[in-house]
Amino acid sequence: RYAFINQGWDMMVVPAANLPPNLAALYRIHELGGYDSLLHHDTVAMLRDVNGNKDPAPPENGNMMFVKRQATREAIADAGASWVVVPEPMNARSGEPINQVFQAVPGPGRASVNGQPAKVISETFSSVEVEATGPGKLVLRDRMMPGWSASVDGAQTALPDGRWRELDLSQGSHKVLYHYQPPGFKSFLIVGMFGLLLAILATFVTSKPDE
């Protein structure tokens with residue numbers, strides 16, 4: 001996960017920023033920032049904490065959620081980022097693009113057990129698979145929201161409410177699969193199938209035999 005440091009988004013001059021929030025998602029890159037209309041409200045609160053209790057949005061655009069220069073490395077690491085991308089000052093005369101400096105951030109990373117890194121081995125838009133060694137608490141620093149479930153070595157396990165997806169692991173190596181299904185999806189399928197059957201039945205009932 002990356003923290004792209006952005007300070008503002010001026011509408012009249014070239015902004016002193018790395019890239020707009022959510023653009024990294026096109027390249028399947030995890031980042032801390034985003035748009036508040038696409039983020040859980042707790043994530044916006046987390047970004048405020050990362051920024052030293054400052055508004056993560058620039059004055060020019062209240063919908064953008066930035067990681068700003070006042071954010072500390074400790075706060076960025078606690079949010080699960082392993083890299084921070086800092087823009088160097090732009091050459092105002094030549095208008096040259098901002099150079100970007102990639103800096104490693106010591107910390108537990110996106111996934112860890114007792115503060116030691118765990119390995120994310122695969123993921124899709126609706127699942128994340130992690131290899132981890134217990135005993136201890138596995139913390140995947142992705143937002144915990146309704147619809148997420150988890151299994152450890154194929155056995156379902158509970159995910160408690162909280163900021164992150166956390167679960168307890170027993171001794172030994174484990175494969176943990178986090179899976180997302182929209183809340184109410186099964187009920188939607190049942191109601192949809194019932195409606196389809198009614199439509200088919202109504203077609204047969206109302207149809208007339210050929211004369």
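The values are calculated or read from the model by the stated rules, or taken from the named source; none is laboratory data. Every value quoted in this text rests on a predicted model; they were computed, and no experiment measured them. Cβ placement follows ideal geometry from the backbone for every residue including glycine, while neighbour counts extend to all protein chains displayed. Just the protein is used for accessible areas: all its heavy atoms, side chains included, with ligands, DNA and RNA removed. Shrake-Rupley method; radii C 1.70, N 1.55, O 1.52, S 1.80 Å.
Out of curiosity, is Thr206 among the polar types (S, T, N, Q), open to solvent by 80 Å² or more (accessible area, probe 1.4 Å) and either touching a Lys or Arg at 6+ places or on another chain (Cβ under 6 Å) or at pLDDT below 90 (or both)? Yes: the conditions hold for Thr206.
Screening the candidates Leu140, Leu159, Leu169 for the property of being of a type in the set (A, V, I, L, M), within 24 Å of Tyr2 (Cα to Cα), at pLDDT 80 or above and not in a helix (DSSP H, G or I) yields one hit, Leu140.
Here's the yes/no breakdown for (1) open to solvent by 50 Å² or more (accessible area, probe 1.4 Å); (2) closer than 20 Å to Asp142 by Cβ:
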{"position": "Tyr27", "(1), (2)": "yes, yes"}
{"position": "Asp42", "(1), (2)": "yes, yes"}
{"position": "Ala57", "(1), (2)": "no, no"}
{"position": "Glu60", "(1), (2)": "yes, no"}
{"position": "Ala75", "(1), (2)": "no, yes"}
{"position": "Ala79", "(1), (2)": "no, yes"}
{"position": "Ser82", "(1), (2)": "no, yes"}
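Residues checked against (1) surrounded by fewer than 13 Cβ atoms within 10 Å (Cβ to Cβ); (2) of a type in the set (Gly, Ala, Ser); (3) under 14 Å from the mean Cα position of the chain (by Cα):
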{"position": "Lys137", "(1), (2), (3)": "no, no, no"}
{"position": "Ser149", "(1), (2), (3)": "no, yes, no"}
{"position": "Thr157", "(1), (2), (3)": "no, no, no"}
{"position": "Trp164", "(1), (2), (3)": "no, no, yes"}
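Evaluated against (1) under 14 Å from Gln181 (Cβ atoms); (2) in contact with a strand residue (DSSP E or B) (Cβ under 9 Å, 6 or more places away or on another chain), Pro146 falls short on exactly one condition, (2).
Flag: Leu47 matches the condition of being of a type outside the set (S, T, N, Q) and either open to solvent by less than 60 Å² (accessible area, probe 1.4 Å) or modelled with pLDDT of 90 or more (or both). Criterion applied to Val44, Val67, Val85, Val50 was being without any contact (Cβ under 8 Å) to a residue 24 or more places away in the chain and within 20 Å of Ala24 (Cβ to Cβ), and the one residue passing it is Val44. When Ala16, Ala92 are screened for being in contact with a Pro (Cβ under 8 Å, 6 or more places away or on another chain), open to solvent by 10 Å² or more (accessible area, probe 1.4 Å), modelled with pLDDT under 90 and assigned to a loop (DSSP other than H, G, I, E, B), only Ala16 passes.
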